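Chemist: My questions will all concern the structure given below.
What follows draws every value from the coordinates through simple rules; no lab data is involved. If you're wondering where the values come from, they're calculated on a predicted model, not measured in any experiment. Methodologically, a virtual Cβ is constructed for each residue, glycine included, from the backbone with ideal geometry; neighbour enumeration extends over all protein chains shown.
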Amino acid sequence: MAKYLLLKHYRGAPAPANDVPMERWSPEEISAHMQYMNDFAARLEKTGEFVDGQALAPEGAWVRYDGEGRPPVTDGPFAETKDLIAGWMIIDVDSYERAVELAGELSAAPGAGGRPIHEWLEVRPFLTAPPTITE
Amino acid sequence: MDEVLIRSLAPSVIAVLVRRGADFAAAEDAVQDALVEALRTWAGPSPCPRLRPDDAGPPPDPRLRPPGEGPVRDPKGWLITVAWRKFLDAARADAARRRREDRFEDEPAPGPVPAVDDTLQLYFLCAHPSLTPASAVALTLRAVGGLTTRQIAEAYLVPEATMAQRISRAKRTVASPARTEPGTRGIFGRPGDVATVLRVLYLVFNEGYSGDIDLAAEAIRLTRRLAAGIDHPEVAGLLALMLLHHARRASRTAPDGSLVPLADQDRGRWDTGLITEGVGILQAALARDRLGEFQAQAAIAALHADAPTAEETDWVQIVEWYDELTRLTDSPVVRLNRAVAVGEAEGPHAGLAALAALDTSSPDSRPRSGEAHPVPRHTAVAAYLHERAGDLTTAARLYAEAAHKAPNLAERDHLTRQAARLNTRRPH
């Protein structure tokens with residue numbers, strides 16, 4: 001088993017095919033989208049492949065150390081960050097192929113007009129602990 | 001064996017161990033171990049695997065094991081016996097370790113015989129003013145609520161090891177000699193005050209629920225017990241507030257998990273038993289004429305509960321209660337809610353005026369240019385009032401903006417739907 005992070009972006013991903021902001025959908029289309037996402041996570045829990053899923057608020061700030069005895073420096077929130085993560089799902093699957101298959105399904109969530117969004121999701125493998133047997 | 005009954009015994013068993021000479025931290029640990037063992041052995045092969053700890057440990061002394069599958073005749077006695085043995089085991093291991101380290105300390109002296117209910121003292125200890133809210137909540141749920149570390153961790157979505165550390169740090173804080181003043185009464189040392197206890201219980205009630213423990217129900221149980229032992233109108237006020245909100249819970253979310261606003265809720269699904277109880281408790285508290293924040297909030301909840309339909313809500317009286325609340329705690333959040341009530345009582349334009357007045361009332365509640373409004377839900381309220389005033393374009397824009405800043409998924413989803421509803425409406 002290997003863990004993969006499926007990343008959803010507010011910004012920074014290539015534009016999806018069905019690119020309409022959610023507040024322009026009908027309430028029924030929003031419900032259908034939510035239902036699809038919930039069903040997807042529930043199905044992965046049943047297959048034993050779901051690990052975690054979280055959503056992030058769109059606003060964040062940069063923070064860094066500024067020397068002994070000084071408060072950290074903060075910068076932001078930035079309106080124009082190029083890349084902005086919206087949330088993630090962590091899955092634990094048998095193969096990279098399975099991770100890609102699932103990301104493809106998640107990307108097919110319905111959007112405006114009830115058609116799939118074709119949203120681009122970033123698939124990132126976790127670095128794992130070294131195996132016990134190496135030779 | 002009922003898990004809630006087992007849990008309810010926890011604080012009195014802790015008190016027994018402390019009276020026998022254990023310090024609070026060690027007693028609390030021992031009782032936690034005993035509770036975990038009780039849940040495992042009394043429930044038998046549990047249908048709910050979460051109740052079983054990973055560290056199964058050695059099988060319990062057969063003399064202590066409940067006979068067969070039947071119920072335990074004296075659960076409290078069983079817990080005291082097992083917890084005391086756990087305490088002695090830990091103390092012996094600790095003493096052996098100290099001998100190895102060539103150190104010696106006197107055994108702790110037995111505490112004085114308590115004059116007041118030990119269980120109530122535990123509430124005050126766990127709401128110690130030196131604790132952060134998160135630590136006070138965790139310690140209260142374990143020592144007073146009798147929940148296991150795992151259940152608390154699941155409820156707050158943190159790893160069990162993290163929650164275990166949070167609890168042991170909290171216990172070190174409350175047990176620190178520097179924080180215990182000489183001459184304080186009771187066996188648990190220096191406590192916090194009623195207001196701190198109520199804030200902790202309010203947090204438990206309000207901070208959502210997940211995992212297999214219903215934190216709202218747990219908060220009500222703990223507040224009920226506190227109210228039974230302490231004659232204080234604000235304790236009654238908080239209990240009434242919780243009951244009145246809990247009564248609406250089933251109607252607050254749609255089957256798909258989305259939020260249903262108060263005005264759209266199916267009032268037939270409100271729990272009339274809880275409402276009647278909450279109103280009764282509130283009236284008795286108000287009659288004592290020592291008004292406080294929780295009584296005022298409960299009064300507002302009671303007025304909502306009293307309306308057969310949303311249209312029949314007595315908004316004029318609700319505005320009066322918000323005026324009382326503003327007098328008691330002048331917070332921007334209260335003023336924001338008051339603006340909503342004014343909007344219902346006197347029309348959306350009056351509501352928008354009240355909202356504008358909020359921005360000028362204090363520098364902290366005014367937005368700086370380019371930043372989010374510092375008062376949570378301010379934008380959502382503005383959107384709602386603009387919609388009622390007929391400015392649907394502004395309302396849709398503000399709903400979308402509010403969704404962007406929403407603090408949780410359910411609200412974001414709800415606000416996005418509101419924007420969507422206005423954006424996709426058919427032109428008349």
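Chemist: At 7 Å along Cα-to-Cβ for each site, give me the label-to-label distance between residue A:45 and residue B:130 in nm.
Modeler: 4.1
Chemist: Same structure again: With a ≥ b ≥ c taken as the square roots of the eigenvalues of the C-alpha gyration tensor of chain A, please select rounded if a/c is under 1.5 and otherwise prolate if a/b is larger than b/c or oblate if it is not?
Modeler: oblate
Chemist: Right, next: Quick check: net charge around residue A:63, other residues with Cβ under 14 Å of its Cβ, Lys/Arg +1 and Asp/Glu -1?
Modeler: Numbers: positive: A:64, A:70; negative: A:59, A:66, A:75.
The answer is -1.
Chemist: Return the single residue from A:73, A:93, A:20 with maximal mean-square fluctuation; model: Gaussian network over chain A, springs between Cα atoms under 10 Å.
Modeler: Judging by the Gaussian network model, the answer is A:73.
Chemist: Once you list every other residue whose beta carbon is under 15 Å from the beta carbon of residue B:166, what net charge do they have if Lys and Arg are +1 and Asp and Glu are -1?
Modeler: Computed value for this residue: 0.
Chemist: Label points 7 Å out from Cα along the Cβ direction at residue B:258 and residue A:1: separation in nm?
Modeler: Each label point is offset 7 Å from its Cα along the Cβ direction, giving 3.5 nm.
Chemist: What FRET efficiency would be calculated for the residue pair residue B:85, residue A:59, taking the C-beta separation as r and a Förster radius of 41 Å, to the nearest 0.05?
Modeler: On the way: r = 53 Å, r/R0 = 1.30.
Given R0 = 41 Å and the Cβ-Cβ separation, E is 0.15.
Chemist: Further, regarding this structure: Quote the relative contact order of chain A in percent (integer), defining contacts as alpha-carbon pairs under 8 Å separated by 6+ residues.
Modeler: Answer for chain A is 47 percent.
Chemist: Return B:194, B:174, A:123 ranked ascending by Cβ neighbour count within 10 Å, so the fewest neighbours appear first.
Modeler: Working: B:194 18, B:174 27, A:123 15.
The fewest-first ordering by Cβ neighbours comes to A:123, B:194, B:174.
Chemist: Determine which aspartates and glutamates satisfy two conditions relative to residue B:171: a Cα distance under 13 Å, and not lying fewer than 8 residues away in the same chain.
Modeler: Output for residue B:171: B:23, B:28, B:29.
Chemist: Under 12 Å between alpha carbons, and skipping anything fewer than 8 positions from residue B:405 in its own chain: which aspartates and glutamates qualify?
Modeler: A:59, B:371, B:413
Chemist: Moving on to the next point. For chain A, with a Gaussian network of springs between Cα atoms less than 10 Å apart, report the residue from A:89, A:37, A:22 with the top mean-square fluctuation.
Modeler: A:22
Chemist: Test of understanding: ordering B:276, B:149, B:326 by Cβ neighbours within 10 Å, fewest first, what list do you get? Walk me through the numbers before you get to the answer.
Modeler: Details: B:276 13, B:149 22, B:326 16.
Going from least to most buried by this count: B:276, B:326, B:149.
Chemist: Cα gyration tensor of segment B:193-321, axes a ≥ b ≥ c as square roots of the eigenvalues: rounded (a/c below 1.5), prolate (a/b > b/c) or oblate?
Modeler: oblate
Chemist: I want to check the label-to-label distance for residue B:224 and residue B:356. Put each point 7 Å from Cα in the C-beta direction and report it in nm to one decimal.
Modeler: 4.9
Chemist: Here's a follow-up. What lysines sit close enough to residue B:76 to cross-link, taking a C-alpha to C-alpha distance under 17 Å and skipping anything fewer than 8 places away on the same chain?
Modeler: In chain and number order, the partners are B:86.
Chemist: Follow-up question, since we're still on this one. Could you please rank B:289, B:256, placing first whichever residue has the fewest other Cβ atoms within 10 Å of its Cβ?
Modeler: With the fewest neighbours first, B:289, B:256 line up as B:289, B:256.
Chemist: Right, next: Mind checking which of A:76, A:87, A:12 has the largest fluctuation in a GNM of chain A, springs on alpha carbons under 10 Å?
Modeler: It is A:76.
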